[in-house]
Amino acid sequence: MKIDLLNQIRETNPVVLNISNFVTVQDVANGINAIGASPIMSEEIAETDEMVGISNAVALNLGAFSKPQVDHILAMGKAANAQHKPLVIDPVAVGAISYRKKVALDLMNQFQVDVIRGNAGEIAALAGVAWDAKGIDAGSGNQDVVEVAKAAAKKQNCVVILSGETDVITDGEHVARVFNGTPLFQLHVGSGDMLSSIVGAFCAVSDGDYFEAAQTACLVFASIGQIVADQLKEERPGTFAARLMDELHLASVADIEKIAQFD
Ligand SMILES: Nc1ncnc2c1ncn2[C@@H]1O[C@H](COP(=O)(O)OP(=O)(O)O)[C@@H](O)[C@H]1O
Ligand SMILES: Cc1ncsc1CCOP(=O)(O)O
Ligand SMILES: [Mg+2]
């Protein structure tokens, strides 16, 4: 685990280009900014090549797309591949809505993603494993999440992050787990979207080791959430969200090393 990648983000301020969703766009932009990278959002297909050209990573969020946006997402994924920019996808609710699953799989047949970041319900759907997903949430299932994540990674030939109480990160062979975090993340819509784009920031400074970038992003994000939760005496979702932004900016590598739990 190379927690020092956090300092590299802060030193080099990489540009993370996002197709976001209207629900969480501001959280995602501010989350990227607070951790030390530079967000840019796009909603116009005509600017795709130029946008990808100025970016150090591309994050595609499938949270609330319309048909024209699917064309835009496709163009963005293809441009990221053509320009050798790291590509992350967040397949929001593909476990709950069959149309979304079909669109996500069609897209991933037409470009190669480097990292998929989803919750258990989403990753199980992409792996073709039975799971009872619930809307944007993970839902429930009794399959081993490590095996689910590995199956998805092998199928899509990329790194997969299956996030949750424990984050599982795998390239289909190697597996890492992050045990930090807080259930307060579940009380803030957009936690997963923020993580996915922050994974993009870590990929941008990773020299092509996306497995390491994905692990480190999970450890840093979950640990920062845990630091905030430890400051609160009770469950306060609003305060959690505001302080999460503060700590994304303030937390040091040493702060994270003190509480990091992973294998
Ligand atoms: N029960 C939990 N305990 C600790 N951390 C959690 C828990 N649930 C989610 N997280 C953390 O919340 C962040 C967002 O993940 P997740 O909730 O799985 O995404 P999504 O919002 O897409 O469903 C991750 O950093 C994950 O580690
Ligand atoms: C509520 C909602 N509806 C469509 S996208 C979205 C946000 C999902 O955010 P996250 O997966 O990060 O909780
Ligand atoms: Mg999500």
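Quick notes on this structure:
- In the set (1) within 18 Å of residue 122 (Cα to Cα); (2) touching a helix residue (DSSP H, G or I) at 6+ places or on another chain (Cβ under 9 Å); (3) more than 16 Å from ligand 3 (Cβ to nearest atom), the condition left unmet by residue 99 is number (2).
- With a requirement of 3 or more residues that are away from ligand 3 (no atom under 16 Å from the Cβ), the strands (runs of 3 or more DSSP E) lying completely within region 154-263 that satisfy it span 175-178.
- Single residue of region 171-200 satisfying the filter (within 16 Å of residue 115 (Cα to Cα) and over 10 Å from the mean Cα position of the chain (by Cα)) that is surrounded by the fewest Cβ atoms within 10 Å (Cβ to Cβ): 173
- For region 104-126, a residue qualifies if it is outside any strand (DSSP E or B) and not aliphatic (A, V, I, L, M), and the qualifying residues are 106, 109, 110, 111, 112, 114, 121, 122.
- Those residues of region 138-153 which are within 23 Å of residue 220 (Cβ to Cβ) and either within 16 Å of ligand 2 (Cβ to nearest atom) or of a type in the set (Ser, Thr, Tyr) (or both), in sequence order: 138
- Only residues that are at negative phi and either more than 8 Å from ligand 2 (Cβ to nearest atom) or among the β-branched types (Val, Ile, Thr) (or both) were counted in region 187-212, giving 16.
- Residue pairs meeting the criteria (Cβ under 8 Å; at least 6 apart or on separate chains; first within 21 Å of residue 221 (Cα to Cα), in region 154-165; second basic (Lys, Arg) and assigned to a helix (DSSP H, G or I)): 160/150
- Residue match in region 37-54 (condition: crowded, with 20+ Cβ neighbours inside 10 Å, away from ligand 3 (no atom under 16 Å from the Cβ) and under 14 Å from residue 201 (Cβ atoms)): yes
- Some residue of region 120-133 being among the charged types (D, E, K, R), over 22 Å from residue 166 (Cβ atoms) and touching a strand residue (DSSP E or B) at 6+ places or on another chain (Cβ under 8 Å): no
- Residue pairs meeting the criteria (Cβ under 6 Å; at least 6 apart or on separate chains; first farther than 16 Å from residue 71 by Cα and more than 15 Å from ligand 2 (Cβ to nearest atom), in region 89-116; second of a type in the set (D, E, K, R) and modelled with pLDDT of 95 or more): none
- Qualifying residues in region 74-92 (those that are of a type in the set (A, V, I, L, M, F, W, C) and surrounded by 23 or more Cβ atoms within 10 Å (Cβ to Cβ)) - the one farthest from ligand 3 (Cβ to nearest atom): 80
The values are calculated or read from the model by the stated rules, or taken from the named source; none is laboratory data. Keep in mind the model is a prediction, meaning the values are calculated, not measured. Cβ atoms come from the backbone with ideal geometry, glycine included; neighbour counts cover every protein chain shown.
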